[in-house]
1. Within segment 204-230, can you find the residues that are in contact (Cβ under 8 Å) with a residue 40 or more places away in the chain and either polar (S, T, N, Q) or surrounded by fewer than 18 Cβ atoms within 10 Å (Cβ to Cβ) (or both)?
2. For segment 193-200, indicate whether the set of residues that are surrounded by fewer than 18 Cβ atoms within 10 Å (Cβ to Cβ) and either free of Cβ contacts under 8 Å to residues at least 60 places away in the same chain or polar (S, T, N, Q) (or both) is non-empty.
3. Can you pull out every residue in segment 173-192 that is over 18 Å from Ala82 (Cα atoms) and either of a type outside the set (Val, Ile, Thr) or touching a residue at least 24 places away in the same chain (Cβ under 8 Å) (or both)?
4. Can you tell me which residues in segment 11-33 are aliphatic (A, V, I, L, M), over 16 Å from Val51 (Cα atoms) and either surrounded by fewer than 13 Cβ atoms within 10 Å (Cβ to Cβ) or touching a strand residue (DSSP E or B) at 6+ places or on another chain (Cβ under 6 Å) (or both)?
5. I'd like to know if segment 84-95 contains one or more residues that are in contact with a helix residue (DSSP H, G or I) (Cβ under 8 Å, 6 or more places away or on another chain) and not in a helix (DSSP H, G or I).
6. Looking only at segment 117-148, which residues are under 20 Å from the mean Cα position of the chain (by Cα), among the aliphatic types (A, V, I, L, M) and part of a helix (DSSP H, G or I)?
7. Where residues in segment 159-170 are buried (at least 18 other Cβ atoms within 10 Å of the Cβ), in a helix (DSSP H, G or I) and not aromatic (Phe, Trp, Tyr), which of them is farthest from the chain's Cα centre (by Cα)?
8. Does segment 34-43 contain at least one residue that is within 14 Å of Phe162 (Cβ to Cβ), surrounded by 21 or more Cβ atoms within 10 Å (Cβ to Cβ) and modelled with pLDDT of 95 or more?
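The values are calculated or read from the model by the stated rules, or taken from the named source; none is laboratory data. Model, not experiment: these values are computed from the prediction. As a convention, Cβ positions derive from the backbone with ideal geometry for all residues, glycine included, and neighbour counts pool all protein chains shown.
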Amino acid sequence: MSAIAAWTRQHRLIAFFGLTLVLSWWSWPFYAVGLAPVPFFACGPLVAALVVIGLAEGRAGYRDLLSRLTRWRVGWTWWVVALATPLLVLAVAAAANVTFWDAPVPDLASMAWADIGLLFALRFVNPLDGPLGEEPGFRGYAVPQLQQRWSPLRSACLLGAFAALWHLPIIVVGELQPIAIVVTFAITFVYVWLFNHTRGSVLLVLAFHVAQGTVSYAALGFTGADADRMDWLAGALWLVIAIGLVTLDRRAWRNAPPAAIPSVSAERVSV
């Protein structure tokens, strides 16, 4: 065990990314032959982070992650950004779908708002869902580790490429469209930008992720080709937003703020 811990301390990111794939993808081949109910587990990044932290940093690492998960005093404007931006993207995509492709107009009055509110709350605490399954690992652990070594821009590129690859099983089985690869890469820049501007708050990016997927296309009345088109429209908007953030806020991509790199004292290690 001491040898494993020593290797993990020297190769934190390799250990995290490798373990994330193993934990998330292990059921994929079994699903392909009908022996598993799902091809993919979204909790892989969360569990991988907890294991790597336990081996590499111990209690101090857990305290650091917990402090990020409870970091809510970041200014009310950032709460508005985190919660409103995904909803605004959804609204603009829906409006374009209705205006230019004659998709049905969403009947907001008939939507099950109580159910949507309950789903919104549950996504904060369900580790098998994307927000809690991903954010403590990807933003809470990987981003600070990456930014300790590289700029936020390079860190976002690396994590975006990995996150796109990580979604491969559910793309292959048709649960996500292939456009998700590009969208995942692009939206990673938005996540990193928000994380760094909120003093490394995992809670804020968690709220952003929850808001991003709680209102489904089906809830808006989009099905079939209309729902597929929403993926492309929303994806295009996220790509535009990511390019805009990189282009217009260049200073943010040069150096990470101290609060967005590991606060646990550790020797400089290889990837």
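1. Gln212, Gly213, Thr214, Ala219, Asp228 - these are the residues of segment 204-230 that are in contact (Cβ under 8 Å) with a residue 40 or more places away in the chain and either polar (S, T, N, Q) or surrounded by fewer than 18 Cβ atoms within 10 Å (Cβ to Cβ) (or both).
2. Within segment 193-200, none of the residues are surrounded by fewer than 18 Cβ atoms within 10 Å (Cβ to Cβ) and either free of Cβ contacts under 8 Å to residues at least 60 places away in the same chain or polar (S, T, N, Q) (or both).
3. Result: Val173, Gly174, Glu175, Leu176, Gln177, Pro178, Ile179, Ala180, Val182, Phe185.
4. Val33, the sole residue that qualifies.
5. The answer is no, given that none of the residues of segment 84-95 is in contact with a helix residue (DSSP H, G or I) (Cβ under 8 Å, 6 or more places away or on another chain) and not in a helix (DSSP H, G or I).
6. Scanning segment 117-148 gives Leu119, Ala121, Leu122, Val125, Leu132, Ala142, Val143, Leu146.
7. Here the residue is Pro169.
8. No, that holds for no residue.
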